[in-house]
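Here's the structure we're looking at; comments come further down.
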Amino acid sequence: MTGSASATETPDYTVVKSDKAFEIRVYPSMILAEVTVAGDRRQVNSLGFRKLASFIFGDNVSRDTVAMTSPVVSKPEKIDMTSPVVRTMDPEGRWTVNFMMPSEYSMTTLPVPTDPDIRIFKTVPYRTVSIQYNGNNSTENIAKHEAKLRVYVSEHALDAVGAPEYAGYDAPWVPGPLKRNEIHFRLKN
């Protein structure tokens, strides 16, 4: 997995084409934890992140239990943080927020969330066209970079599908100019 300065695991991907600020990437299969929440962008960033953070910080049931005696004891398990946090809005205005799970886990070893709103699943490999930028994720900054990405998609006749995905790599306390952000469109295979 690709690492950052803070040694937080990030998804592997292969750059198929690099064109200034734009990249076409291929992502392998990975396990995601996601939740869907309603509200404006800032509210869902906080609510979705808190729900998923609660899961990785121990609001879960470890699959590593001993069932040969009574009582059966389940212990919560802390899961390492990964980045980015990815947000996508559906046509009804609800937001899906997800974290990639650390690569050390499989679907059979990952702890089970106690929050029934959290879904765990394994993706199929996929391709994106992406733009990376720095700065705070203000509405204006997002709109500016999303517009650039839409123009690139149009000018290169790329077959983008679905809503844009907004990826944020850094913690809230990282100064705005240093924050790494990306916008992705999935590409039809």
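Apply the Karplus parameterisation 6.51 cos²θ - 1.76 cosθ + 1.60, with θ equal to phi minus 60°, to every residue of segment 181-187 and state each ³J(HN,Hα) to the nearest whole Hz, in sequence, with x for glycine and proline.
Per residue, the Karplus-derived 3J(HN,Hα) values read 9, 9, 10, 10, 10, 6, 10 Hz.
Roughly what angle does helix 41-56 make with the longest principal axis of the chain, taking Cα atoms, 0 to 90 degrees, to the nearest 10?
So the helix axis and the longest Cα principal axis differ by about 30 degrees.
Among 38-45, 55-62, what's the highest-first ranking by average C-beta atoms within 10 angstrom per residue?
Details: 38-45: 13.9, 55-62: 17.6.
Packing proxy ranking, top to bottom: 55-62, 38-45.
Which of these values of semi-axes √(5λ) of the Cα gyration tensor in Å was calculated from the structure shown: (i) 23, 18, 17; (ii) 32, 18, 16; (iii) 26, 21, 16?
(ii)
Which cross-chain or sequence-distant (5 or more) residues have an amide H under 5 Å from the amide H of residue 179, H modelled 1.01 Å from N in plane?
Those qualifying (amide H under 5 Å, at least 5 residues apart or on another chain) are 135.
Determine, from the Cβ-Cβ distance of residue 132 and residue 103 and an R0 of 22 Å, the FRET efficiency 1/(1 + (r/R0)^6), rounded to the nearest 0.05. Walk me through the numbers before you get to the answer.
Values: r = 22 Å, r/R0 = 0.99.
Using R0 = 22 Å, I get an efficiency of 0.50.
With θ set to phi - 60° and the Karplus curve 6.51 cos²θ - 1.76 cosθ + 1.60, what are the ³J(HN,Hα) couplings of segment 94-101 in order, to the nearest whole Hz, using x for Gly and Pro?
8, 10, 9, 10, 9, 10, 6, 8
Using a Förster distance of 45 angstrom, determine the FRET efficiency expected from the C-beta separation of residue 156 and residue 62, and round it to 0.05.
0.45
Once amide H atoms are placed 1.01 Å from N in the peptide plane, what residues at a sequence separation of 5 or more from residue 126, or on another chain, have their amide H within under 5 Å of its amide H?
HN-HN under 5 Å from residue 126: 27.
In deg cm²/dmol, rounded to 500, what helix-only [θ] at 222 nm does the chain give when every DSSP H run of at least 4 residues adds -39500 (n - 2.57) and the total is split over its residues? Could the numbers behind the result be given before it?
Numbers: 2 runs with 33 residues, N = 189.
Mean residue ellipticity at 222 nm (helix-derived): -6000 deg cm²/dmol.
Expressed as an acute angle from 0 to 90° and rounded to the nearest 10, what is the orientation of the C-alpha long axis of helix 139-155 relative to the principal long axis of the chain?
The helix 139-155 is inclined about 70 degrees to the chain.
Give the long-range amide H neighbours of residue 57: residues separated by 5 or more places, or on another chain, with amide H under 5 Å away, using H modelled in the peptide plane at 1.01 Å from N.
Long-range HN contacts for residue 57: 79.
Please give, to one decimal in nm, the separation of the simple spin-label points placed at residue 26 and residue 143, each 7 Å out from Cα toward the Cβ.
Taking the simple label geometry, residue 26 and residue 143 are separated by 3.7 nm.
Multiply the residue separation of residue 112 and residue 90 by 0.36 nm, subtract the distance between their alpha-carbon atoms, and state the gained length in nm to one decimal. Don't skip to the end; give the middle numbers.
Working: separation 22, 0.36 × 22 = 7.92 nm, distance 2.56 nm.
Result: 5.4 nm gained on full extension.
Quick note: the coordinates plus some simple rules give every number you see, no bench work behind them. Values in this document were obtained by computation on a predicted structure and should not be read as measured data. Neighbour counts run over all protein chains shown; Cβ positions are idealised from the backbone, glycine included.
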